[in-house]
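Where a number appears in this text, it was derived from the coordinates with a stated rule and is not lab data. Fair warning: this is a prediction, and the values are worked out from it, not measured in the lab. Heads up, the Cβs are rebuilt from the backbone with ideal geometry, glycines too, and the neighbour counts pull from every protein chain shown.
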Amino acid sequence: MSTTTQLNISRITHHLWTGGDLPDSLSDAASHVEAWAEQGIEHVIDCRLEWSDEDLVRAVAPSIRYTHAGVDDAGQRMPDHWFDNVTRAARSTIRNGGTVLLHCHMGVNRGPSGAFATLLTMGWDPIEAIDVIRTERSVAAVGYAEDALEWWHRVSSAPTGERLVDWCGLERWRAANPHDTVRIIRQIRAQERS
């Protein structure tokens with residue numbers, strides 16, 4: 001699909017985007033929200049626990065629906081209720097032909113993991129889902145993909161054989177597609193400071 005670098009978001013499918021948050025400057029943030037609307041984004045799902053842009057989005061682009069689904073990004077096991085909430089919100093918009101942006105602070109873990117879980121609920125193969133996310137957003141570690149896959153296996157009552165195939169496939173994909181998350185986060189932080 002496409003990466004919109006200046007907006008810090010990446011299109012994963014026709015109806016699904018993921019990425020990082022808005023710039024600190026209020027005028028730049030407002031311009032980004034306007035650009036989100038121009039890209040056809042109708043629903044923003046903010047995965048950050050630490051911040052909410054709901055008031056700004058409402059003021060700049062009242063047509064964009066905003067869901068705050070904040071969760072910490074501390075390497076913890078991601079709770080099932082978070083995947084339930086994020087995918088329910090995303091799927092309701094996509095089912096109606098709308099376009100969703102799932103974002104977090106840097107667009108490395110939470111937003112892409114929410115997008116991964118959403119793709120699973122849409123019938124995507126786990127390897128195809130994580131591969132398209134990484135292809136379209138190279139900084140995405142999708143650090144909670146394993147939690148999302150385990151959640152999806154439970155929710156969908158996947159048979160044991162399917163679970164094993166998916167787990168082995170994801171493990172092989174991770175080995176073949178290493179991600180230097182620490183280096184990438186350092187680069188993003190350095191860009192934020194400049």
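Report summary: the helix-based calculation at 222 nm, which adds -39500 (n - 2.57) for every DSSP H run with n ≥ 4 and divides by the residues of the chain, gives -16000 deg cm²/dmol. Dividing the convex hull volume of the alpha carbon atoms of segment 133-194 by its residue count gives 93 Å³ per residue. For the chain, the equivalent ellipsoid built from the Cα gyration tensor has semi-axes of 27, 19, 14 Å, listed from largest to smallest. Rounded to the nearest 20, the Cβ-based charge dipole of the chain about its Cα centre (Lys and Arg +1, Asp and Glu -1) stands at 260 debye. Projected label points at D24 and D125, each 7 Å from Cα along the beta carbon direction, are separated by 4.5 nanometres.
Counting only alpha carbon atoms, the long axis of helix 126-136 and the longest principal axis of the chain meet at about 30°. Could you tell me which trypsin sites (Lys or Arg not before Pro) in segment 5-106 are loop residues by DSSP with no more than 14 other beta carbons within 10 angstrom of their beta carbon? Filter output for segment 5-106: R77.
Rounded to a whole number of µm²/s, how large is the Stokes-Einstein D of segment 82-193 at 4 °C and 1.567 mPa s, given Rh as the Kirkwood radius over C-alpha pairs? Approximately 89 µm²/s, per Stokes-Einstein. Within the listed set H103, H153, H43, the residue fluctuating most in the Gaussian network model of the chain (springs between alpha-carbon atoms under 10 angstrom) is H153.
Applying a 4.7 Å Cβ-Cβ cutoff to the chain leaves C168 as cysteine residues with no disulfide-compatible partner.
Build a GNM of the chain with springs between Cα atoms under 10 Å apart, and of V108, V60, V44 the one that fluctuates most is V60. Within segment 1-63, the chymotrypsin sites (Phe, Trp or Tyr not before Pro) that combine a DSSP coil assignment with at most 16 other C-beta atoms in a 10 angstrom radius are W51. In the elastic network of the chain, a GNM with C-alpha springs shorter than 10 Å, the most mobile of P23, P159, P62 is P159.
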